[in-house]
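Okay, structure first, notes after.
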Amino acid sequence: MALGAVLVFGSARAHAEEIDPHTVGIGYKIGNGLGLAGADLILRLFPHVVFDLQANYYSASTTTSDGSTQSVTGYGFAPTVQFQLKSIGHTPYLGVGLVYVHESFQGATASATGFLLNAGYEWRFASGVGVLVGGGIDDLGSVHATNGTSTLDVPGAVLFNIEAGVRYYF
(Lines give C-alpha, C1' and ligand atoms only; values in the text may rest on other atoms or scores of the structure.)
Protein backbone atom coordinates (compact mmCIF):
# COMPACT_ATOMS: atom_id res chain seq x y z
CA MET A 1 0.00 0.00 0.00
CA ALA A 2 2.81 2.43 0.84
CA LEU A 3 4.45 1.87 -2.55
CA GLY A 4 1.13 2.57 -4.30
CA ALA A 5 0.73 5.84 -2.36
CA VAL A 6 4.27 6.89 -3.25
CA LEU A 7 3.65 6.20 -6.94
CA VAL A 8 0.35 8.12 -6.96
CA PHE A 9 1.51 11.16 -4.96
CA GLY A 10 4.98 11.21 -6.51
CA SER A 11 3.40 11.24 -9.96
CA ALA A 12 1.14 14.16 -9.02
CA ARG A 13 4.07 16.23 -7.81
CA ALA A 14 6.11 15.48 -10.91
CA HIS A 15 3.42 17.01 -13.16
CA ALA A 16 2.49 20.03 -11.03
CA GLU A 17 4.60 22.18 -13.36
CA GLU A 18 3.25 22.86 -16.84
CA ILE A 19 4.25 20.09 -19.28
CA ASP A 20 2.25 21.16 -22.36
CA PRO A 21 2.37 24.77 -23.58
CA HIS A 22 -0.87 26.75 -23.39
CA THR A 23 -1.29 29.34 -26.15
CA VAL A 24 -3.84 31.82 -24.74
CA GLY A 25 -4.37 33.13 -21.22
CA ILE A 26 -6.32 35.75 -19.30
CA GLY A 27 -5.71 37.08 -15.83
CA TYR A 28 -5.72 39.69 -13.10
CA LYS A 29 -2.67 41.95 -13.18
CA ILE A 30 -1.42 44.92 -11.16
CA GLY A 31 1.52 47.22 -11.51
CA ASN A 32 3.50 48.80 -14.33
CA GLY A 33 2.39 52.17 -12.95
CA LEU A 34 -1.24 51.44 -13.82
CA GLY A 35 -2.80 50.58 -10.46
CA LEU A 36 -4.52 47.66 -8.76
CA ALA A 37 -7.59 47.01 -10.96
CA GLY A 38 -6.24 45.38 -14.08
CA ALA A 39 -6.54 42.48 -16.47
CA ASP A 40 -4.24 40.99 -19.04
CA LEU A 41 -4.51 38.92 -22.20
CA ILE A 42 -1.56 36.61 -22.88
CA LEU A 43 -0.58 35.06 -26.22
CA ARG A 44 2.22 32.48 -26.44
CA LEU A 45 2.57 32.03 -30.20
CA PHE A 46 6.31 31.29 -30.33
CA PRO A 47 8.61 29.37 -27.97
CA HIS A 48 10.24 31.63 -25.34
CA VAL A 49 8.16 34.69 -26.45
CA VAL A 50 4.94 35.91 -24.80
CA PHE A 51 2.77 38.86 -25.86
CA ASP A 52 0.99 40.42 -22.88
CA LEU A 53 -1.63 43.19 -23.14
CA GLN A 54 -2.42 44.72 -19.74
CA ALA A 55 -5.38 47.10 -19.24
CA ASN A 56 -6.20 48.85 -15.96
CA TYR A 57 -8.91 51.15 -14.57
CA TYR A 58 -8.34 53.62 -11.73
CA SER A 59 -10.80 55.57 -9.58
CA ALA A 60 -10.25 57.38 -6.28
CA SER A 61 -11.98 60.05 -4.23
CA THR A 62 -10.66 62.33 -1.50
CA THR A 63 -12.35 64.79 0.82
CA THR A 64 -10.68 68.19 1.05
CA SER A 65 -10.39 70.34 4.17
CA ASP A 66 -13.48 72.33 3.13
CA GLY A 67 -15.58 69.13 2.99
CA SER A 68 -15.84 68.87 -0.78
CA THR A 69 -15.11 65.61 -2.57
CA GLN A 70 -12.69 65.37 -5.46
CA SER A 71 -12.52 62.34 -7.74
CA VAL A 72 -9.95 61.16 -10.23
CA THR A 73 -10.54 58.39 -12.74
CA GLY A 74 -8.33 56.91 -15.37
CA TYR A 75 -7.19 53.99 -17.41
CA GLY A 76 -3.98 52.65 -18.83
CA PHE A 77 -2.52 50.09 -21.19
CA ALA A 78 0.82 48.27 -21.12
CA PRO A 79 1.49 46.04 -24.12
CA THR A 80 4.69 44.08 -23.49
CA VAL A 81 6.77 41.30 -24.99
CA GLN A 82 8.27 38.85 -22.50
CA PHE A 83 11.32 36.79 -23.39
CA GLN A 84 11.32 33.63 -21.26
CA LEU A 85 14.26 31.36 -20.49
CA LYS A 86 12.11 28.20 -20.68
CA SER A 87 9.26 27.77 -23.16
CA ILE A 88 7.34 25.39 -20.85
CA GLY A 89 6.92 25.44 -17.08
CA HIS A 90 8.32 27.77 -14.40
CA THR A 91 10.71 30.33 -15.86
CA PRO A 92 12.45 33.68 -15.38
CA TYR A 93 11.59 36.36 -17.94
CA LEU A 94 12.65 39.75 -19.26
CA GLY A 95 9.84 42.02 -20.48
CA VAL A 96 9.93 45.18 -22.59
CA GLY A 97 6.96 47.29 -23.56
CA LEU A 98 5.04 50.51 -23.75
CA VAL A 99 2.88 52.30 -21.19
CA TYR A 100 -0.06 54.64 -21.87
CA VAL A 101 -1.90 56.41 -19.02
CA HIS A 102 -5.00 58.67 -19.24
CA GLU A 103 -6.63 60.36 -16.20
CA SER A 104 -9.49 62.82 -15.61
CA PHE A 105 -9.72 65.18 -12.65
CA GLN A 106 -12.35 67.94 -12.23
CA GLY A 107 -12.84 68.54 -15.95
CA ALA A 108 -9.14 68.28 -16.81
CA THR A 109 -7.57 65.35 -18.59
CA ALA A 110 -3.96 64.21 -18.58
CA SER A 111 -2.10 61.58 -20.54
CA ALA A 112 1.42 60.20 -20.84
CA THR A 113 3.28 57.48 -22.69
CA GLY A 114 6.48 55.69 -21.85
CA PHE A 115 8.59 52.54 -21.97
CA LEU A 116 9.03 49.79 -19.40
CA LEU A 117 11.62 47.12 -18.71
CA ASN A 118 10.90 44.33 -16.22
CA ALA A 119 12.58 41.17 -14.99
CA GLY A 120 10.74 38.53 -13.03
CA TYR A 121 9.59 34.96 -12.65
CA GLU A 122 6.46 33.11 -13.75
CA TRP A 123 5.25 29.86 -12.21
CA ARG A 124 3.10 27.94 -14.74
CA PHE A 125 1.30 24.86 -13.51
CA ALA A 126 -0.17 21.87 -15.37
CA SER A 127 -3.65 23.02 -14.27
CA GLY A 128 -3.32 26.11 -16.50
CA VAL A 129 -2.81 28.50 -13.57
CA GLY A 130 0.13 30.89 -13.72
CA VAL A 131 1.56 33.36 -11.18
CA LEU A 132 3.82 36.22 -12.31
CA VAL A 133 5.98 38.50 -10.12
CA GLY A 134 8.46 41.05 -11.45
CA GLY A 135 9.97 44.48 -11.13
CA GLY A 136 11.92 46.98 -13.15
CA ILE A 137 11.83 50.53 -14.43
CA ASP A 138 9.21 52.66 -16.15
CA ASP A 139 10.48 55.58 -18.22
CA LEU A 140 7.34 57.72 -18.32
CA GLY A 141 7.41 60.57 -20.82
CA SER A 142 6.10 64.07 -20.21
CA VAL A 143 2.55 64.39 -18.93
CA HIS A 144 0.24 66.57 -21.03
CA ALA A 145 -2.82 67.94 -19.18
CA THR A 146 -5.63 70.19 -20.41
CA ASN A 147 -9.03 71.41 -19.28
CA GLY A 148 -9.99 72.69 -22.74
CA THR A 149 -8.64 76.23 -22.30
CA SER A 150 -5.35 75.76 -20.46
CA THR A 151 -2.63 73.17 -20.91
CA LEU A 152 0.18 72.00 -18.70
CA ASP A 153 3.18 69.87 -19.65
CA VAL A 154 5.19 68.23 -16.88
CA PRO A 155 8.55 66.55 -17.60
CA GLY A 156 8.65 62.78 -17.41
CA ALA A 157 10.61 60.62 -14.99
CA VAL A 158 12.17 57.19 -14.58
CA LEU A 159 10.24 55.29 -11.89
CA PHE A 160 10.65 51.98 -10.04
CA ASN A 161 8.08 49.51 -11.26
CA ILE A 162 6.47 46.31 -9.96
CA GLU A 163 4.10 43.87 -11.60
CA ALA A 164 2.19 40.86 -10.31
CA GLY A 165 -0.52 38.70 -11.75
CA VAL A 166 -2.55 35.53 -11.54
CA ARG A 167 -3.43 33.96 -14.89
CA TYR A 168 -5.28 31.08 -16.40
CA TYR A 169 -4.02 29.53 -19.64
CA PHE A 170 -6.31 27.68 -22.08
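Filtering segment 67-86 to residues that are surrounded by 15 or more Cβ atoms within 10 Å (Cβ to Cβ), farther than 22 Å from GLY35 by Cβ and either of a type in the set (S, T, N, Q) or touching a Phe, Trp or Tyr at 6+ places or on another chain (Cβ under 9 Å) (or both) leaves only GLN84.
VAL81 meets all of the listed conditions (1) modelled with pLDDT under 95; (2) over 18 Å from ILE162 (Cβ atoms) but one, namely (1). Could you say whether any residue in segment 55-66 is open to solvent by 60 Å² or more (accessible area, probe 1.4 Å), free of Cβ contacts under 8 Å to residues at least 60 places away in the same chain and closer than 18 Å to ILE26 by Cα? Yes, some residue in segment 55-66 is open to solvent by 60 Å² or more (accessible area, probe 1.4 Å), free of Cβ contacts under 8 Å to residues at least 60 places away in the same chain and closer than 18 Å to ILE26 by Cα. Looking only at residues of segment 100-116 that are touching a residue at least 40 places away in the same chain (Cβ under 8 Å) and closer than 30 Å to PHE170 by Cβ, we find that the one that is most open to solvent (accessible area, probe 1.4 Å) is VAL101.
When residues of segment 145-170 are filtered for being in a strand (DSSP E or B), of a type in the set (S, T, N, Q) and loosely packed, with under 15 Cβ neighbours inside 10 Å, how many remain? Going through segment 145-170 one residue at a time, the tally reaches 2. In the set GLY130, GLY120, only one residue is in contact with a Lys or Arg (Cβ under 6 Å, 6 or more places away or on another chain), crowded, with 18+ Cβ neighbours inside 10 Å and within 30 Å of GLU17 (Cα to Cα); that residue is GLY130.
The values are calculated or read from the model by the stated rules, or taken from the named source; none is laboratory data. Source: prediction; values computed, not measured. Please note: Cβ atoms are built from the backbone with ideal geometry, for glycine as well, and neighbour counts cover all protein chains shown. Surface accessibility is based on the protein's heavy atoms, side chains included, excluding ligands, DNA and RNA. Shrake-Rupley method; radii C 1.70, N 1.55, O 1.52, S 1.80 Å.
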